[in-house]
1. Conditions: (1) open to solvent by less than 50 Å² (accessible area, probe 1.4 Å); (2) out of contact with any Leu (no Cβ under 7 Å at 6 or more places or on another chain). Residue 79 meets all but one. Number of the miss?
2. Within the set of pairs 6 or more residues apart or between chains, which connect a residue that is closer than 15 Å to residue 12 by Cβ and of a type in the set (Lys, Arg) inside region 93-119 to a residue that is in a loop (DSSP other than H, G, I, E, B) and open to solvent by 10 Å² or more (accessible area, probe 1.4 Å) with Cβ atoms less than 7 Å apart?
3. Filter region 1-60 down to the residues that are modelled with pLDDT of 95 or more, over 29 Å from residue 141 (Cα atoms) and touching a Leu at 6+ places or on another chain (Cβ under 6 Å) and list them by number.
4. Only one of these conditions is not met by residue 146: (1) open to solvent by less than 20 Å² (accessible area, probe 1.4 Å); (2) in a loop (DSSP other than H, G, I, E, B); (3) over 22 Å from residue 43 (Cβ atoms). Which number is it?
5. Checking residue 63 against (1) within 22 Å of residue 115 (Cβ to Cβ); (2) surrounded by 17 or more Cβ atoms within 10 Å (Cβ to Cβ), which single condition isn't satisfied?
6. Just checking, which of 109, 152 is more than 20 Å from residue 5 (Cα to Cα) and among the β-branched types (Val, Ile, Thr)?
7. Just the residues that are hydroxyl-bearing (Ser, Thr, Tyr) and open to solvent by 10 Å² or more (accessible area, probe 1.4 Å), please, taken from region 42-58.
8. When you check residue 140 against the structure, is it under 16 Å from the mean Cα position of the chain (by Cα) and either surrounded by 19 or more Cβ atoms within 10 Å (Cβ to Cβ) or not in a strand (DSSP E or B) (or both), yes or no?
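The values are calculated or read from the model by the stated rules, or taken from the named source; none is laboratory data. All values reported here derive from a predicted model rather than from experimental measurement. Glycine also receives a Cβ, built like all others from the backbone with ideal geometry; neighbour counts cover every protein chain displayed. The accessibility values were calculated without ligands, DNA or RNA, using every heavy atom of the protein model including side chains. Shrake-Rupley method; radii C 1.70, N 1.55, O 1.52, S 1.80 Å.
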Amino acid sequence: MGNARQIGLALFDFETKYGKFPDASTVAEVRRDTGSKLSLPDRTSNDLFAQLLAGNAFIGSERIFYAKAKNAKRADDIYNSDATILEHGECAFAYVAGLTAAGNPSRPIAFGPVIPGTSTLDQKSCLGKAILLRIDNSVTAHPINSSGKIFIDGMDFLDPRQPYWDGKAPDVKWPK
């Protein structure tokens, strides 16, 4: 839960500077502002969280993206190249791209522990609970079912029918 809170603080600092949380549209400005030579793609949560690390602008450690999950590994804090920044397994949090702090405060923005390289939450870690970071920066724990999903009020929490999604499917970026 502590790592999720730190991610939330970094995301809010980022949003204050760039007007939104990291996504494809913030890459050029991050590279310009930080002087980073990183390519900063936008396919995975690792990619988008890398914007928080670029030039040590918002955080100075990859370690906050760790969550105990199958195939996850503790970060080595080497993130000065595309090959080393948030390598496969160093991030176990999924991320919902395209959000701003002005959105529904109960809307999830990051969650884990996700088994790196998959879209499945790891039921065997964190006492079978998933950690959800929401736009209001609250962090909550929810049971993970046997198929690796979180259900809230009888529905998958990523279902667009959940009130906090306003009928739109979330753009989930899964960890690599």
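1. Checking residue 79 against (1) open to solvent by less than 50 Å² (accessible area, probe 1.4 Å); (2) out of contact with any Leu (no Cβ under 7 Å at 6 or more places or on another chain), the one that fails is (2).
2. Every condition considered, the pairs that remain are 107/99.
3. 27
4. Among (1) open to solvent by less than 20 Å² (accessible area, probe 1.4 Å); (2) in a loop (DSSP other than H, G, I, E, B); (3) over 22 Å from residue 43 (Cβ atoms), residue 146 violates only (1).
5. Checking residue 63 against (1) within 22 Å of residue 115 (Cβ to Cβ); (2) surrounded by 17 or more Cβ atoms within 10 Å (Cβ to Cβ), the one that fails is (2).
6. 152
7. Of the residues in region 42-58, the ones hydroxyl-bearing (Ser, Thr, Tyr) are 44-45.
The one that is hydroxyl-bearing (Ser, Thr, Tyr) and open to solvent by 10 Å² or more (accessible area, probe 1.4 Å): 44.
8. On the way: under 16 Å from the mean Cα position of the chain (by Cα): yes; either surrounded by 19 or more Cβ atoms within 10 Å (Cβ to Cβ) or not in a strand (DSSP E or B) (or both): no.
Spelling it out, it is not the case that residue 140 is under 16 Å from the mean Cα position of the chain (by Cα) and either surrounded by 19 or more Cβ atoms within 10 Å (Cβ to Cβ) or not in a strand (DSSP E or B) (or both).
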